[in-house]
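*Asks:* Here it is, the structure, as structure tokens.
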Ligand SMILES: [Zn+2]
């Protein structure tokens, strides 16, 4: 028989998982993409690509579409934000593709 405490723990886990799934679906619908090479911009405006897999990250603190990570362009830690590919010019996309951070999700 499951105790009320364990049931509450399961409910909290379910809510967190549902939040991740819902957040990812909303972000994809808004035009954001996820995967091995997605464009991001740090607070200082540097563009680069990174590996961004929703719900799975070893190297970054996650804050929805924001997270704190290493910026390989300015060589500093900063808040970076997912960028929609559609919002970038071909030159910006090319610049971002040339600056990929370490390939660890
Ligand atoms: Zn930067």
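The values are calculated or read from the model by the stated rules, or taken from the named source; none is laboratory data. Note that the structure is predicted; figures quoted are calculated from it, not measured. No Cβ is skipped: glycine too gets one built from the backbone with ideal geometry, and neighbour counts run over all protein chains shown.
*Asks:* Out of the residues in region 63-81 that are assigned to a loop (DSSP other than H, G, I, E, B) and surrounded by 14 or more Cβ atoms within 10 Å (Cβ to Cβ), state the one that is nearest to the ligand (Cβ to nearest atom). Steps first, please.
*Replies:* Quick first cut of region 63-81, residues assigned to a loop (DSSP other than H, G, I, E, B) only: 64-65, 72-75.
After this cut, where a residue has to be surrounded by 14 or more Cβ atoms within 10 Å (Cβ to Cβ) as well, the list is 65, 72-74.
Working: 65: 17, 72: 8, 73: 5, 74: 3 Å.
Selected residue: 74.
*Asks:* Looking at (1) within 16 Å of the ligand (Cβ to nearest atom); (2) at pLDDT 85 or above, which is the only condition residue 84 fails?
*Replies:* (1) is the only condition that residue 84 fails.
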